[in-house]
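A short worksheet on the structure shown next.
The values are calculated or read from the model by the stated rules, or taken from the named source; none is laboratory data. Treat the numbers as computed from the prediction; the structure is a model and nothing was measured. Here the Cβ positions follow ideal geometry from the backbone for every residue, glycine too, while neighbour counts run over all protein chains shown.
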Amino acid sequence: MGARMDVLLGAQWGDEGKGKVVDVVAPRYQVVARFQGGPNAGHTLWIEGRKHVLHTVPSGVFHDGVMNLVGNGVVIDPVIFLQELDGIAASGVDLQGRLAISRRAHLILPTHRALDAASEAEKGKERIGSTLKGIGPTYMDKTGRNGLRVGDLERADLHDRYRGLVRKHERLLGLYGAPGPDREAEERWMHAVERLRAMELVDSEHVLDQAFRQGRQVLAEGAQGTLLDIDFGTYPFVTSSSTICAGACSGLGVPPSRIGRVIGIFKAYCTRVGSGPFPTELTDGTGDHIRKAGNEFGSTTGRPRRCGWLDLPALRYAVMINGVSELAMMKADVLSDMDRVRVCTHYRVNGELTDRLPYDVQGAEPVYADCDGWGALGSDIPDALERYIRRIEEAVQVPVRILSTGPDRRQTIERPSAVAVL
């Protein structure tokens, strides 16, 4: 059968720290492939004191010998994508032979961004909290069979396809009474498209199949998080793609039989950006303290993140939906100056106690347990933190294998566990 593909994804509402973990484990793989999302993602990496924020490019790009693949499930804004590549090149990374793009990935047009802004404004107080990057309208065109794909850049009738889609968008913008993008935005997009056309465009499903047959190790990198999944997240306050393990198959053209380890990333607490239910949210000084200590501001939008205690029913749900085989806990250092840390063990829904994530999360009242704080972190795990981790493992029945103690790739502990891998 050949090699298998490991999957790394978010087990909360996104912003869990996936980029750092991919960067840490990338040397064990020959291919790192993004399988969904677009420039609404922001994967932050700290390497030798320098901050890098990736939006579309896979997080293995800073390692020699690793091929980074942008899969068919990703949506690409050529302007943002090329700016990102220029930033990576400026840091001294030679991208030649290190990056490939699926021809089946869809393109975000300037009019998609205009439609995103118009749709969000129309919702008023019911707005989703979109990043306004044009993600939703692009996926709508994809499922509506109107989209423009990377492979279309190689077609002789590209201009006609582009103009036809723009005319459709202009009619929709007229219904909103909203303006379209200016001429300068379209010119920037056209210039970026010309550069994108010259890059390594591939039939990624065949590239991955060949990699498996050659015994190469592949890591699928997800964006956002499980609770933002279009089907299984807190709908309608979700993203427009499949953020779960199943999405790695459709987002890369890989059969389920190829899936190996599934690594779920979560924070020692919870955060959420934008609107939507958040049972353990802290709207007091404790929430403000976590936000400040954890620098919880969106890496893509800069918006302050809502902060709250760790939610075990939600984490257990993410483990179940994804078939998570091991976990990585991030930002334990953020809570290190707290005397007491709380964790949600159950919900009370309509007067009944449950450890399941309900259909209507909005009505779930969290039930908490108190844990001792663990103080400053170094190379060893304090006893109180070890007890906190074991409580999590007992609740979800999956081992916590990786512990992050700070933002840099070197601030990482690989931890043995008494809990068996599923």
### Summary
Expected single match for surrounded by 14 or more Cβ atoms within 10 Å (Cβ to Cβ) and outside any helix (DSSP H, G or I) among Leu115, Leu153, Leu132, Leu165 is Leu132
### Message
Going by what's in this entry, would Leu377 be described as modelled with pLDDT under 95, outside any strand (DSSP E or B) and either in contact with a His (Cβ under 7 Å, 6 or more places away or on another chain) or surrounded by 15 or more Cβ atoms within 10 Å (Cβ to Cβ) (or both)?
### Response
yes
#### Entry: Filter pass, Val74 being in contact with a Leu (Cβ under 6 Å, 6 or more places away or on another chain) and of a type in the set (Val, Ile, Thr)
no
### Query
surrounded by fewer than 16 Cβ atoms within 10 Å (Cβ to Cβ), part of a loop (DSSP other than H, G, I, E, B) and modelled with pLDDT of 95 or more, is that true of Arg104?
no
### Residue check for Glu16: within 18 Å of the chain's Cα centre (by Cα) and surrounded by fewer than 24 Cβ atoms within 10 Å (Cβ to Cβ)
no
### Query
Of the residues that sit in the stretch 170-217 and are of a type in the set (Lys, Arg) and assigned to a helix (DSSP H, G or I), which one is surrounded by the most Cβ atoms within 10 Å (Cβ to Cβ)?
Arg188
### Query
All but one of (1) touching a residue at least 40 places away in the same chain (Cβ under 8 Å); (2) over 18 Å from Ser242 (Cβ atoms); (3) out of contact with any Ser or Thr (no Cβ under 7 Å at 6 or more places or on another chain); (4) part of a strand (DSSP E or B) hold for Val7; which doesn't?
(2)
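Yes or no, residue by residue, for (1) surrounded by 20 or more Cβ atoms within 10 Å (Cβ to Cβ); (2) closer than 24 Å to Leu403 by Cβ; (3) within 15 Å of the chain's Cα centre (by Cα); (4) small (Gly, Ala, Ser):
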{"site": "Ser257", "(1), (2), (3), (4)": "no, no, no, yes"}
{"site": "Val262", "(1), (2), (3), (4)": "yes, yes, yes, no"}
{"site": "Ile265", "(1), (2), (3), (4)": "yes, yes, yes, no"}
{"site": "Thr271", "(1), (2), (3), (4)": "yes, yes, yes, no"}
{"site": "Glu281", "(1), (2), (3), (4)": "no, no, no, no"}
{"site": "Thr286", "(1), (2), (3), (4)": "no, yes, no, no"}
{"site": "Gly294", "(1), (2), (3), (4)": "yes, yes, no, yes"}
### Task
Run down Ala220, Ala246 and say which single residue is buried (at least 17 other Cβ atoms within 10 Å of the Cβ), outside any strand (DSSP E or B) and among the small types (Gly, Ala, Ser).
Ala246
### Query
in a strand (DSSP E or B), exposed (fewer than 15 other Cβ atoms within 10 Å of the Cβ) and in contact with a helix residue (DSSP H, G or I) (Cβ under 9 Å, 6 or more places away or on another chain) - does that describe any residue in the stretch 395-412?
no
